[in-house]
Amino acid sequence: MKFQIAVDIGGTQLRAACYSVGENRPRCIERIPTVHPSNSPYNRLEQLIQSVWPEDGAVESIAVAAPGPLDPYKGIIFEAPNIPDWVDLPLRSLLENRFQVPVALGNDANLAALGEWMFGAGRGHHHLVYLTISTGIGGGVIIDDRLLLGKHGLGAELGHVTVIPDGPLCGCGQRGHLEAISSGTGISNWVREQLNNGTASILENAVDVNAKIIADAARSGDPLSIAAFQRAGTYLGLAVTNFLHIFNPTIIVMGGGVSRSWDLFIETVRSTIHLNVMNPHFLSDLTITRAELSDDAGLMGALALARSQNESRR
Ligand SMILES: [Zn+2]
């Protein structure tokens, strides 16, 4: 039997799963906290991979999804949230030396796009734009059945398109990016700002104002919370219109925690697109939908990378 191992490196959790070649359901899956006083994250990662290693067959390859920025061509992680030691870490060569099989590395949002395209909502499409909307906004683009990476493998940071010049500060340090407005962080920052300015809301005395609490408040009719999601949807719609004009996809897939509040912003996204699109042909055969892979997006994305790289090696 032949196997592929998929690994998802998150800020709080490391996950690894072993798949039989041709099977999309993991044979085994293990999760451990990323940071633990007993051992370094890299050593924990090696142990985690070892723990899913099959006794009864050969591993074809290991594929790893990690938060950027990273170089997918050289297999180097430039930096990783929550793992301060990982600066310019040559993860691919370290793991190849340790396990003696080919190792592939990819940005988690790009791989989630690849996973949705191969196994999820984007199956059968050749041109896909993926957005993951949570505390930040990540993106991935598939055009002509290929993942768009660019010269240094740093594409496609769709959350960092400017939608308000000199707008709110983004997690990346620049201003007015989509992430600073339509992410969970952007939504809750705006609501806090309105509350500080004296806007009436059922959240006035809330201890922690986060996107989930704002979504609950919006569903119970709170005008400020409804407005917060409409504002996020408006800017998301503007950004998506730009992506339609640039990439001409047939499907837009949205994942991440904020996409669970889809009902609160999607109509605004759709109406903004209709108002701003340059030509209705961009909308013909266009699907806008939620991601299907949810929590397993990173692992399934890594598996998709392993499968596509094995294809190209054959
Ligand atoms: Zn940014």
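Laboratory data are not the source of any read-out in this text; all were calculated from the coordinates shown. Because the structure is a prediction, the values reported are computed rather than measured. Backbone-built Cβ (ideal geometry, glycine too); neighbour counts: all protein chains shown.
Observations on the model:
- Taking the C-alpha atoms of the chain, convex hull volume expressed per residue in Å³: 144
- Inter-label distance for HIS274 and THR250, nm, one decimal - labels placed 7 Å from Cα along Cα-to-Cβ: 2.4
- Packing-based exposure ordering (other Cβ within 10 Å, fewest first) of ASP216, ASP263: ASP263, ASP216
- Exposure proxy order (Cβ contacts within 10 Å, fewest to most) of ILE142, ILE266: ILE266, ILE142
- Loop-located trypsin sites (Lys or Arg not before Pro) across segment 108-181 with a Cβ neighbour count of 14 or fewer within 10 Å are ARG123, LYS151, with loop assigned by DSSP.
- Among the GluC sites (Glu not before Pro) found in segment 13-51, those both in a DSSP coil and sparsely packed, with 14 or fewer other Cβ atoms within 10 Å of their Cβ, are GLU23.
- Extension gain, TYR73 to GLU30, is 12.8 nm, computed as 0.36 nm per intervening residue step minus the present C-alpha separation.
- According to the Cα-based calculation, Rg over Rh for segment 227-267 is 0.98, with Rh computed by the Kirkwood formula.
- For segment 1-95, convex hull of alpha carbons as volume per residue, Å³: 96
- Two-decimal log10 I(q)/I(0) for segment 12-151, as the Debye equation yields it once each C-alpha is a single scatterer, q = 0.12, 0.15, 0.20 Å⁻¹: -0.53, -0.84, -1.43
- For the chain, share of DSSP beta bridges that run antiparallel, in % to the nearest 5: 55
- When the P(r) of segment 187-259 is calculated, the portion above 17 Å amounts to 48% of the C-alpha pairs.
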